[in-house]
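The values are calculated or read from the model by the stated rules, or taken from the named source; none is laboratory data. Predicted, not measured: the structure shown is a model, and the values here were computed from it. Please note: Cβ atoms are built from the backbone with ideal geometry, for glycine as well, and neighbour counts cover all protein chains shown. Please note that ligands, DNA and RNA were not included when accessible areas were found on the heavy atoms of the full protein model with its side chains. Shrake-Rupley method; radii C 1.70, N 1.55, O 1.52, S 1.80 Å.
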Amino acid sequence: MSYAGKNSAALQAVVVGAGIVGAATALNLQRKGFDVTIIEAESPGEGASSGNAGITASCAIVPVPVPGILKKFPFMLLDSMGPLSIDFLHVARNTKWFIDYLRHGRASEVNRIASELIKLTDGSIDEHLRLARDTGGESWVTARDYLYIYPKRRDFEEEAFAWDIRRRHGIEYEEVNATELREMEPDLAPGFSFAIRLPKHGFSLDPAKLVKGLVETFQKQGGRLLQAKAQGFEFGEMGAHTLVTDTGSIPFDRLVIATGAWSATLTRQLGVKVPLMSERGYHVQFANPGIRQNHPLMVTSGKYVATPMTNGLRLAGIVEFKPMNAPSDPKLPSRLKRHARLLFPNAKLNDCETWMGHRPSLPDSLPVIGVVPDHPNVILAFGHQHIGLSTGPRTGRFVAKLAAGEAINQDLSAFRVNRF
Ligand SMILES: Cc1cc2nc3c(=O)[nH]c(=O)nc-3n(C[C@H](O)[C@H](O)[C@H](O)COP(=O)(O)OP(=O)(O)OC[C@H]3O[C@@H](n4cnc5c(N)ncnc54)[C@H](O)[C@@H]3O)c2cc1C
């Protein structure tokens, strides 16, 4: 589908959802001359984009399901410090999704998925810095090496499959020995004696403030932000042309649906069925922990990330498969609290807040980015699973190009809307 030849300067674009994907899309559309309105049910940057680990993870191209994952599930579930929690009734009600998810974990599929995800993750920190330059988001994102830390070198060797994929996709990394690691992170528990250092990475010092800062600048530049819940559409000969919200209807020339884990209800009304699932995740953030932490850390033994944010040390992780609207489980952030003690034995951990949010996930671990067949003015942009902060700015740039009918120098067909 192409919009080429139309003058985008006069066009009204509506973006539903003000997470990182919606905010990046809105700014990019504005920079192309569209007259843009964001519709957000809550306030900007309060969905998954607020509580994540904040890593701009160019390296995150290997999906969660990999060969052998099924055998590890029972151990993960029995481990009281493990990264996985499953509501079996929820799994039984969504068997097809889970079978599909696991089916994509075979080696050939993981390699294919990595080759697609790198189109979005490559150069993530530079993409963020470019997006945030001269906006209110600028001070909330920074370049920094990312460390994967391991108890022993052999724990790294056990992940050879994933590191081989990263290496083959051009991701640079180097080994860090115990002495070097101690110099880099003096307050880290002595149980970690090996690390991998990834240059050309970065992190957000406060992901919610990053998104809010982007949206504030969008508004200062003439963009409109309306607090409303998108509910449906009005249709004409050319498909959907008006968005219906709980506060009124808004006609559009282009509509972008960037509503993260909540997107399926809207797309269904456009005839697009997407098997979208929330992979619920948690964080615990400790104010004034009183430790030195120079790098964001992927703690491979617990499969969580520890990030030195402005408001303290944030540990984020856990995959919980449970209905979206179920209350959060207090046992899960408690696991992260116990991990914090093991990671930084001298940290002060009494002052903390906890959070639960929804990773928008599709069974093939790829997002949906593209124009809706039969509704040529509607573009979908969601399903960025564990890496939406990293990939939001590139997605926003691609979506704005799609909206303007410009060519994209990447084949995005793997992200197509009607692939399920
Ligand atoms: C624990 C955890 C750690 C993570 N760590 C990282 C990380 O380190 N790096 C990384 O890259 N990614 C990470 N992620 C993933 C990342 O947070 C998500 O992929 C990303 O935030 C998704 O962004 P989004 O804009 O698509 O969705 P969201 O941020 O969820 O935004 C969607 C918005 O749409 C709004 N909305 C929904 N329905 C409607 C409606 N009908 N009308 C109007 N508005 C609506 C919502 O209110 C919300 O504001 C992590 C996620 C979790 C849970």
TODO: Return the Rg/Rh value of the chain, two decimal places, where both radii are evaluated on C-alpha atoms and Rh is the Kirkwood radius.
DONE: 0.96
Open item on the list: What distance in nm lies between label points placed 7 Å from Cα along the C-beta direction at ASP79 and THR242?
Closed with: 5.5
Task: GNM top mover of GLY123, GLY383, GLY317 - the chain, alpha-carbon springs below 10 Å - done: GLY123
Task: Rounded to whole Hz, the Karplus (6.51, -1.76, 1.60) HN-Hα couplings of the range 225-241, x for glycine and proline - done: 10, 10, 7, 7, 9, 5, 10, x, 9, 10, 10, x, 5, 9, x, 5, 10
Open item on the list: Using each residue's phi in the range 13-18, evaluate 6.51 cos²θ - 1.76 cosθ + 1.60 at θ = phi - 60° and report the 3J(HN,Hα) Karplus result to the nearest Hz, with x for Gly and Pro.
Closed with: 10, 10, 10, 9, x, 10
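Calculate the FRET efficiency for PHE235 and ARG338 from the Cβ-Cβ distance with a Förster distance of 60 Å, rounded to the nearest 0.05.
Details: r = 53 Å, r/R0 = 0.88.
Here the calculated transfer efficiency is 0.70.
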Task: Cα point-scatterer Debye curve for the range 68-192, base-10 log of I(q)/I(0) at q = 0.14, 0.18, 0.21 Å⁻¹ - done: -1.01, -1.25, -1.25
Open item on the list: Rounded to the nearest 5, what % of DSSP beta bridges with both residues in the chain are antiparallel?
Closed with: 70
Task: Reduced Cα scattering model of the range 77-121, Debye log10 I(q)/I(0), q = 0.17, 0.22, 0.23, 0.30 Å⁻¹ - done: -0.72, -0.88, -0.89, -0.95
Task: Long-range HN-HN contacts of MET309 with modeled amide H, under 5 Å - done: ARG314
Task: Most fluctuating residue given options GLY232, GLY47, GLY388, as computed from a GNM of the chain linking Cα atoms under 10 Å - done: GLY232
Open item on the list: Which aspartates and glutamates, if any, have their Cα less than 13 Å from the Cα of LYS119, not counting same-chain residues under 8 positions apart?
Closed with: GLU127, ASP411
TODO: Measure off 7 Å from each Cα along the Cα-to-Cβ vector at ARG268 and ALA178, then give the distance between these two points in nanometres to one decimal.
DONE: 5.6
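Need one number: the % of Cα-Cα pairs in the range 294-420 sitting beyond the 19 Å mark.
On the way: 4857 of 8001 pairs.
Roughly 61 percent, once rounded to a whole number.
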Task: Cα long-axis angle, helix 20-31 against the chain (0 to 90 degrees, to the nearest 10) - done: 50
- [ ] Find how many whole Å separate the alpha carbon centroid of the range 133-168 from the alpha carbon centroid of the range 3-74.
- [x] 21
Task: Helix axis angle, 388-404 relative to the chain longest principal axis, alpha carbon, degrees - done: 20
Task: Local net charge near PRO67, Cβ-Cβ under 13 Å (Lys/Arg +1, Asp/Glu -1) - done: 0
Open item on the list: Could you compute the net charge surrounding ALA230? Neighbours are other residues with a C-beta less than 11 Å from the C-beta of ALA230; K and R count +1, D and E count -1.
Closed with: -1
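Per residue, how much accessible surface does the chain expose to a 1.4 Å probe? Answer in Å², no decimals. If you can, show how the numbers build up before the last one.
Details: 17330 Å² over 420 residues.
On a per-residue basis, the chain sits at 41 Å².
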TODO: Just the number, please: carbon plus sulfur as a percent of the accessible area of the chain, 1.4 Å probe, no ligands or DNA/RNA counted.
DONE: 52
Task: 23 Å Cα cut-off, lysine pairs counted over the range 275-412 (separation 8 or more, or different chains) - done: 8
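What net charge is computed for the residues neighbouring ARG166, neighbours being all others with C-beta under 11 Å from the C-beta of ARG166, Lys and Arg scored +1, Asp and Glu -1? Write down the numbers at each step before the final one.
Numbers: positive: ARG167, ARG168; negative: GLU159, ASP164, GLU172.
Result for the local shell: -1.
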Task: Sequence-distant residues sharing a close amide H with VAL141 (under 5 Å, placed H) - done: LEU205
Open item on the list: Can you compute the FRET efficiency between LYS303 and GLU157 using 1/(1 + (r/R0)^6), with r the Cβ-Cβ distance and R0 = 30 Å? Round to the nearest 0.05.
Closed with: 0.95
Open item on the list: Testing the spin-label approximation: label points 7 Å from Cα along Cα→Cβ at LYS348 and ASN311. State their distance in nm.
Closed with: 1.8
TODO: Treating the angle as unsigned and between 0 and 90°, give the value, to the nearest 10°, between the Cα long axis of helix 207-220 and the longest Cα principal axis of the chain.
DONE: 30
TODO: Give me the compactness ratio for the range 39-85, meaning the Cα radius of gyration over 2.2 N^0.38 Å.
DONE: 1.66
Open item on the list: Can you list residues from other chains, or at least 5 along the same chain, whose modelled amide H is less than 5 Å from the amide H of GLY290?
Closed with: LYS348
Task: Principal axes of the range 192-349: Cα extent on each, largest first, Å - done: 64, 38, 29
